[in-house]
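Undergrad: Got a structure for you, questions after.
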Amino acid sequence: MGDKHRVRFEPVGIEIEVDEEQTVLRSASEQGLMLMHGCKEGQCAACKSFVLDGDDIELDRYSTFALPDYEREEGFTLLCRAHVYEDVTIELLNFDEEMIRSGLPIVNAVAEVVSIDTVTHDLRHLVLELIEPAEITFFPGQYMDIKIPGTEESRSFSMASTSARVLEFIIKVYPDGLFSSFLDKSLKVGQRLDLTGPFGVFTLRDAPDSDLIFVGGGAGLAPILALLRSMAERGIERKAVFYYGARTAKDLCFVAEIEALKDKIPGFRFVPALSEPVDGEDWDGEVGFITDVLKRYEADLRGAHAYLCGPPPMVEAAMPLLASLGAPEKHIYYDKFTTTGGED
Ligand SMILES: Cc1cc2nc3c(=O)[nH]c(=O)nc-3n(C[C@H](O)[C@H](O)[C@H](O)COP(=O)(O)OP(=O)(O)OC[C@H]3O[C@@H](n4cnc5c(N)ncnc54)[C@H](O)[C@@H]3O)c2cc1C
Ligand code: FES
């Protein structure tokens, strides 16, 4: 451990001590402070903040898409990459006061593989049971970092489940992906994995009068499923719709379970859509990009809260659309599944 310095966050007036060897975001997470973040790897810009006071800040490797040089010169920084070497004051640009103080301290955990099921040709349903600790506390929609055995690498995966003991994940397999090919080819039932978390701010905000729009695709289904399952379990009766985009019918999964949620969440609508249905496929649902389908159904989203999760291009296309339909930008929540080792 290195020297510690005080980091003050404005305009919320919260101060924490941060070790030089840790990033500001990591240290805040360990202290139960939930700052806005996404990838934690300098790729997504969700943690971008402004340095009001203090110069001695160094950044680990990051993408200049997330923080262009001119912004860094102006005083912007990425909290997930920033190490401080003196006391500093940071202005949070993106924050949710309700969330910041509700943060749960992250824990290191060991879990055992219960099952690995193929749910589509490229999606796996991984179920883990916690061993140590036996339970963790998290908000539905959050994610864990899973360490790849034999390496120092880890990858982030959203929990699709709500149980404190049994964690479910929906993971896309990339042929050359370090974690996903390990999952597909080597990982066995009974094997143990090291996890850290929970992380993430893709959680249901308490706003009983606001309608909910969920938009997801691919493995982005995972945190949305967690939110829907938790709504059903908690008896939340907000009007909700889920636009679920896939390329072909064989890319869809958990459809029967989601359909059945209509019985548990009053007024819940489920709109799956295929962008490239295959001739002869048994499909009488919507066709088109999920954003185009949403546009066909929704004319006025004023006051709604939107939750988007999936590949970055889908999230990027949906955000301006939802805003143009009236969804307040500060209530458009998203998780982009950015990948490790992107552009510099
Ligand atoms: C907050 C957060 C939550 C996430 N939750 C999930 C989740 O619930 N489920 C899930 O499956 N993933 C999720 N991800 C993505 C996940 O963390 C990994 O980045 C992803 O699984 C790839 O890891 P890998 O080790 O298999 O591939 P890597 O070894 O990192 O990548 C190797 C190669 O695989 C290919 N590849 C990897 N990712 C992509 C991509 N997105 N598009 C195209 N090609 C790619 C590329 O060729 C890449 O060079 C999440 C990411 C974040 C930031
Ligand atoms: S969380 Fe810092 S750039 Fe993504």
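Table: residues versus (1) touching a residue at least 40 places away in the same chain (Cβ under 8 Å); (2) basic (Lys, Arg); (3) in contact with a strand residue (DSSP E or B) (Cβ under 7 Å, 6 or more places away or on another chain).
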| residue | (1), (2), (3) |
| --- | --- |
| Leu193 | yes, no, yes |
| Gly200 | yes, no, yes |
| Asp209 | yes, no, no |
| Glu233 | yes, no, no |
| Ile236 | no, no, no |
| Ile258 | no, no, yes |
| Lys264 | no, yes, no |
| Ser275 | no, no, yes |
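Undergrad: If you don't mind, there's one more thing I want to ask. Right, Ser115: in contact with a Phe, Trp or Tyr (Cβ under 6 Å, 6 or more places away or on another chain) and not aromatic (Phe, Trp, Tyr) or not?
TA: The answer is no for Ser115.
Undergrad: Select from the range 41-61 the residues that are touching a Leu at 6+ places or on another chain (Cβ under 8 Å) and within 14 Å of ligand 1 (Cβ to nearest atom) and write down the one among them that is modelled with the lowest pLDDT. Talk me through it step by step, then tell me what you get.
TA: Restricting attention to the range 41-61, the residues satisfying the condition of being touching a Leu at 6+ places or on another chain (Cβ under 8 Å) are 42, 45, 47-50, 59.
This time we only want the ones that are within 14 Å of ligand 1 (Cβ to nearest atom), so: 42, 45, 47.
Details: Gly42: 95, Ala45: 92, Cys47: 95.
Going through the qualifying residues, I end up with Ala45.
Undergrad: For residues that are more than 16 Å from ligand 2 (Cβ to nearest atom) and outside any loop (DSSP other than H, G, I, E, B), tally how many sit in the range 320-344.
TA: Residues flagged as more than 16 Å from ligand 2 (Cβ to nearest atom) and outside any loop (DSSP other than H, G, I, E, B) within the range 320-344 amount to 9.
Undergrad: Just the residues that are assigned to a loop (DSSP other than H, G, I, E, B) and under 20 Å from Ala317 (Cα atoms), please, taken from the range 284-297.
TA: Across the range 284-297, the qualifying residues are Gly288, Phe289.
Undergrad: Assigned to a loop (DSSP other than H, G, I, E, B) and touching a helix residue (DSSP H, G or I) at 6+ places or on another chain (Cβ under 8 Å), is that true of Glu281?
TA: yes
Undergrad: Counting only residues that are open to solvent by 50 Å² or more (accessible area, probe 1.4 Å) and assigned to a helix (DSSP H, G or I), which one in the range 298-316 is modelled with the highest pLDDT?
TA: Filtering the range 298-316 for residues that are open to solvent by 50 Å² or more (accessible area, probe 1.4 Å) and assigned to a helix (DSSP H, G or I), the one modelled with the highest pLDDT comes out as Glu316.
Undergrad: Whether any residue in the range 260-274 is assigned to a helix (DSSP H, G or I), in the same structural domain as Ala222 (by TED's automatic domain parsing), at pLDDT below 95 and in contact with a Leu (Cβ under 7 Å, 6 or more places away or on another chain) is what I want to check.
TA: No, because not a single residue in the range 260-274 is assigned to a helix (DSSP H, G or I), in the same structural domain as Ala222 (by TED's automatic domain parsing), at pLDDT below 95 and in contact with a Leu (Cβ under 7 Å, 6 or more places away or on another chain).
Undergrad: Being out of contact with any Ser or Thr (no Cβ under 7 Å at 6 or more places or on another chain), of a type in the set (Val, Ile, Thr) and surrounded by fewer than 22 Cβ atoms within 10 Å (Cβ to Cβ) is the filter here; which residues of the range 142-187 pass it?
TA: Thr151, Val166
Undergrad: Given (1) on the phi < 0 side of the Ramachandran plot; (2) touching a residue at least 60 places away in the same chain (Cβ under 8 Å); (3) open to solvent by 10 Å² or more (accessible area, probe 1.4 Å), where does Gly218 come up short, assuming only one miss?
TA: In the conditions (1) on the phi < 0 side of the Ramachandran plot; (2) touching a residue at least 60 places away in the same chain (Cβ under 8 Å); (3) open to solvent by 10 Å² or more (accessible area, probe 1.4 Å), Gly218 misses (1) alone.
Undergrad: Kindly indicate whether Gly38 is touching a residue at least 12 places away in the same chain (Cβ under 8 Å), touching a Ser or Thr at 6+ places or on another chain (Cβ under 8 Å) and away from ligand 1 (no atom under 16 Å from the Cβ).
TA: Spelling it out, it is not the case that Gly38 is touching a residue at least 12 places away in the same chain (Cβ under 8 Å), touching a Ser or Thr at 6+ places or on another chain (Cβ under 8 Å) and away from ligand 1 (no atom under 16 Å from the Cβ).
Undergrad: Now, a different point. Within 14 Å of ligand 1 (Cβ to nearest atom), small (Gly, Ala, Ser) and assigned to a loop (DSSP other than H, G, I, E, B): is that true of Ser161 in this structure?
TA: yes
The values are calculated or read from the model by the stated rules, or taken from the named source; none is laboratory data. On a predicted model such as this, the values are computed, not experimentally measured, just so you know. Note: ideal-geometry Cβ built from the backbone for every residue, glycine included; neighbour counts use all protein chains shown. Only protein heavy atoms, including side chains, enter the accessible area calculation; ligands, DNA and RNA are left aside. Shrake-Rupley method; radii C 1.70, N 1.55, O 1.52, S 1.80 Å.
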